[in-house]
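Novice: If you scroll down you'll find the structure; I have some questions about it.
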Amino acid sequence: LLAVNLPGNANCLRLGRRRRDRAGARGAINWTSDHQFELGGQRFALESGETLGATRSTTDRFVLGKVPSMVDRFVAQNSGRSDARHVVELGIFQGGSVALIQEVCRPQRLVAIDLNPEPVAPLEAYIDGHGLRDVIRLYYGIDQADRARIAAIVAAEFGDAPLDLVIDDASHFYQPTRSSFETLFPLLREGGRYVIEDWDWAHYPEEMWQSDGGMWADEPALTNLILELLMLAGTRPDIISEIAITRSLAEISRGPAQLDAPIELSRLYAARGLEFRPIL
Ligand SMILES: C[S@@+](CC[C@H](N)C(=O)[O-])C[C@H]1O[C@@H](n2cnc3c(N)ncnc32)[C@H](O)[C@@H]1O
């Protein structure tokens, strides 16, 4: 039910230093340095932590807000498979993750949403250049906590078809992330995956996250939501069949339960009559 695999920073850094070529059905990931790679003829540069936002995407190099282990895992999990056809991503940033999902999964439809109202020019150019207007649908200026708007977008783009994959890499705050989960998780098919990125930001050892409560000192840790999902997995394995926790990734698999969207998490798990409140 619960696969816990925490590779640790040292391991991830070591992975990052090696040059790796990983063959997939649609080509290989070719690491050209510890933070840059090529895939499907597309170049990507990774930024995270203090470097996030240091440079801008251009038409020939996308900025991607991830660490190498996250990219490797995503490519390993999805290369050569064709079961991520209906995909939703929360958090477009500079477009790198949209291009990565497209290059690896080749979905039938990929809907990406961001609070920022400004279109991402290199991503728009990528979509036009590859003739992907019918596949990739971008929604700018949308808050992930806006349940009605998110539900309306998904209904308009997918109709009654279930989702295969949702990736939440948007606010990383407890309430909006929880709100999106309650809205979108029930729309996954059985076996579909819901990925919450950077669930562990409150535990990063760097000073920017720890000293004086860190840069998000006023926000409840996203770990609180992970605890609630663990409780739900314990109470209702027919709703959450598995949770895999790795560095910066929480992957929640959908069980077979019939669910009306949205769900209300706190009504679905049992906790011996106690009410859960964020504890850190
Ligand atoms: C970490 S970045 C996403 C990185 C991107 N997925 C990647 O891998 O390159 C987070 C993005 O979420 C957006 N965001 C922040 N709060 C949000 C919210 N409440 N609703 C929707 N998007 C939000 C930000 O504008 C930003 O573009």
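Novice: Is it the case that Ala156 is in a loop (DSSP other than H, G, I, E, B) and of a type in the set (A, V, I, L, M, F, W, C)?
Specialist: No; evaluated as a whole, the condition is false for this residue.
Novice: I would also like to ask the following. Specify which of the listed residues (Ser69, Ser97) is closer than 26 Å to Leu188 by Cβ, touching a Lys or Arg at 6+ places or on another chain (Cβ under 9 Å), of a type outside the set (Asp, Glu) and crowded, with 23+ Cβ neighbours inside 10 Å.
Specialist: Ser97
Novice: Would you mention how many residues in the stretch 95-141 are over 21 Å from Ala151 (Cα atoms), in contact with a Ser or Thr (Cβ under 8 Å, 6 or more places away or on another chain) and assigned to a loop (DSSP other than H, G, I, E, B)?
Specialist: Final tally of qualifying residues: 3.
Novice: For Arg61, work out the one condition from (1) more than 9 Å from the ligand (Cβ to nearest atom); (2) over 16 Å from Ile136 (Cβ atoms); (3) surrounded by fewer than 17 Cβ atoms within 10 Å (Cβ to Cβ) it doesn't fulfil.
Specialist: Among (1) more than 9 Å from the ligand (Cβ to nearest atom); (2) over 16 Å from Ile136 (Cβ atoms); (3) surrounded by fewer than 17 Cβ atoms within 10 Å (Cβ to Cβ), the lone unmet condition for Arg61 is (3).
Novice: Could I ask something else about it? (1) at pLDDT 85 or above; (2) exposed (fewer than 15 other Cβ atoms within 10 Å of the Cβ): which one isn't true of Gln42, the others all being true?
Specialist: Answer for Gln42: the failing condition is (2).
Novice: Can I ask one more? Any residue at all in the stretch 66-88 that is within 13 Å of the ligand (Cβ to nearest atom) and over 14 Å from the mean Cα position of the chain (by Cα)?
Specialist: yes
Novice: Mind telling me which of the residues Ile252, Ile196 ends up being more than 16 Å from the ligand (Cβ to nearest atom) and within 21 Å of the chain's Cα centre (by Cα)?
Specialist: On inspection, the qualifying residue turns out to be Ile252.
The values are calculated or read from the model by the stated rules, or taken from the named source; none is laboratory data. This structure is a prediction, so every number in the text was calculated from the model and none was measured. Heads up, the Cβs are rebuilt from the backbone with ideal geometry, glycines too, and the neighbour counts pull from every protein chain shown.
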